[in-house]
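Q: Please see the structure below; I have some questions.
The values are calculated or read from the model by the stated rules, or taken from the named source; none is laboratory data. This one's a predicted model, so the numbers in the text were calculated from it and none came from an experiment. Cβ coordinates were reconstructed from backbone atoms using ideal geometry, including for glycine residues, and neighbour counts include every protein chain displayed.
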Amino acid sequence: MAINASELINKIKDNIKTTFAGNENILDFCLCCLLSNGHLLLEDVPGVGKTTLALSLVHSINCSFGRVSFSPDTLPSDITGLTIYNTATKAFEYRPGPIMNNIFLGDEINRTPPKTQSALLEAMQEHKVTVDGETHEIKGIFMVIATQNPIEFAGTYPLPEAQLDRFMMKLSLGYPSKEDELRLADMFLNDKKVETLGSVCSMKDIEELQELVKKVTVKDSVLEYIHNIIVATRNEKRFMTGASPRAMLALVRACQANALMAGRDFVKPDDVKRLYVPVLLHRLPLSVEARMSHEDPDTILRSLIATVKVPIDPAGN
């Protein structure tokens, strides 16, 4: 029996809202990233609910989960696992690390040095890890959700560009509205904890939704619009580097997921307009001159996209 995509997506959202009070758009982007088979980076000041959002999503799905709270002394083997000698069998055995789960949460990922951060690269791109020359595949769905404090905070290390490019989206939660903060207080007073949140869907359900996303139609005109946006970032001198081909593919897939969540089987230019900032902005480091001039990358990107011609397709076909 085919699943009802809209019904299941709304069920997941409603479940998350029982323990997370925050911006509706952030929740949509988070689910969009999951359905796109992408990875998510949450950056903001401490205490605004980054980990709560991640855990609320994890507990809503019946799947395996691993977590590491990163610190300066976290080792790559703390993430990927390691090979140890079993005296009983007189053989070396692989002990899986927390990355070998369907969803991996890396708390405060930028509090650990780049060498440890890079332990995630192979898993994020290829859904597998190599330990002592042996490759181990991560089965089923796989998503990395990482949280980090702004790099201006003490004790943080900037993520390598190669790793940033592997995150489909980077989101900032911001402070909640008055209504959301009062709802948060109500949850606190009623002792609604993330740990008690039950799952509302299975891993198979998410895999089916991910397959439906792949079937969403992307017309040539919309695809060209996305490509023109990517090229525009490469021609912008205030960015040190433009968006990569991986970034373009991520934007295409995210737009397909956004269309499915909106109940459509085709992508509109509006999907692109909604997603280009969370998908592209973190991949576009400012040039030295732009940093010295205190330029705002968000403002640069938005003004840049405004110059790209939008395809006209009133029928949406």
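Q: For region 14-28, which positions are assigned to a loop (DSSP other than H, G, I, E, B) and in contact with a helix residue (DSSP H, G or I) (Cβ under 7 Å, 6 or more places away or on another chain)?
A: Thr19, Phe20, Ala21, Gly22
Q: While we're here: For Ile145, are the conditions met, namely being under 30 Å from Leu286 (Cβ atoms), in contact (Cβ under 8 Å) with a residue 12 or more places away in the chain and β-branched (Val, Ile, Thr)? Give the derivation first.
A: Details: under 30 Å from Leu286 (Cβ atoms): yes; in contact (Cβ under 8 Å) with a residue 12 or more places away in the chain: yes; β-branched (Val, Ile, Thr): yes.
When the stated conditions are applied, Ile145 passes them.
Q: For Lys193, indicate whether it is in contact with a Lys or Arg (Cβ under 9 Å, 6 or more places away or on another chain), of a type in the set (D, E, K, R) and under 21 Å from Leu105 (Cβ atoms).
A: No; evaluated as a whole, the condition is false for this residue.
Q: Return the pair list, or none, for Cβ contacts closer than 8 Å from residues in region 86-100 that are crowded, with 16+ Cβ neighbours inside 10 Å to residues that are among the hydrophobic types (A, V, I, L, M, F, W, C) and part of a loop (DSSP other than H, G, I, E, B), at least 6 apart or on different chains.
A: From residues that are crowded, with 16+ Cβ neighbours inside 10 Å, the pairs are Ile99/Ile138; Met100/Ile138.
Q: Are there any pairs, at least 6 apart or on different chains, whose C-beta atoms fall under 9 Å, with the first in region 284-299 and closer than 17 Å to Leu164 by Cα and outside the structural domain of Phe167 (by TED's automatic domain parsing) and the second exposed (fewer than 11 other Cβ atoms within 10 Å of the Cβ) and of a type in the set (Phe, Trp, Tyr), and if so, which?
A: Listed by first residue and then by second, the contacts come to nothing, as the list is empty.
Q: Something else: Provide a single number: the residues in region 67-81 that are in a strand (DSSP E or B) and surrounded by fewer than 17 Cβ atoms within 10 Å (Cβ to Cβ).
A: The total comes to 2.
Q: While we're on this one: Being basic (Lys, Arg), within 18 Å of the chain's Cα centre (by Cα) and either at pLDDT below 90 or closer than 30 Å to Asp191 by Cα (or both) is true for just one of Lys50, Lys90, Lys17, Lys11. Which residue is that?
A: One residue alone meets the criteria, Lys50.
Q: Right, next: Which of (1) free of Cβ contacts under 8 Å to residues at least 60 places away in the same chain; (2) among the basic types (Lys, Arg); (3) outside any strand (DSSP E or B) does Lys11 not meet, given it meets every other one?
A: (1)
Q: Mind checking which residues of region 103-135 are over 24 Å from Asn149 (Cα atoms) and surrounded by 14 or more Cβ atoms within 10 Å (Cβ to Cβ)? Walk me through how you get there before you give the answer.
A: Here is the first cut: in region 103-135, the residues over 24 Å from Asn149 (Cα atoms) are 126-135.
Those that are over 24 Å from Asn149 (Cα atoms) and surrounded by 14 or more Cβ atoms within 10 Å (Cβ to Cβ): His127, Lys128, Val129, Val131.
Q: Here's something else I'd like to know. Please specify each residue of region 28-47 satisfying the condition of being out of contact with any strand residue (DSSP E or B) (no Cβ under 9 Å at 6 or more places or on another chain) and either β-branched (Val, Ile, Thr) or surrounded by 19 or more Cβ atoms within 10 Å (Cβ to Cβ) (or both).
A: Leu31, Leu35, Val45
Q: Hey, Lys11 hits all of (1) of a type in the set (Lys, Arg); (2) surrounded by fewer than 20 Cβ atoms within 10 Å (Cβ to Cβ); (3) in contact with an Asp or Glu (Cβ under 7 Å, 6 or more places away or on another chain) but one; which does it fall short on?
A: (3)
Q: List pairs: first in region 49-72 and within 12 Å of Ile103 (Cβ to Cβ), second small (Gly, Ala, Ser) and part of a strand (DSSP E or B), Cβ under 9 Å, 6+ apart or cross-chain?
A: Ala54/Ala146; Ile61/Ser202; Asn62/Ser202; Cys63/Ser202; Arg67/Gly106
Q: Moving on. Scan (1) out of contact with any Lys or Arg (no Cβ under 7 Å at 6 or more places or on another chain); (2) more than 26 Å from Glu208 (Cα to Cα) for the single condition Phe142 breaks and write down its number.
A: Status for Phe142: all satisfied but (2).
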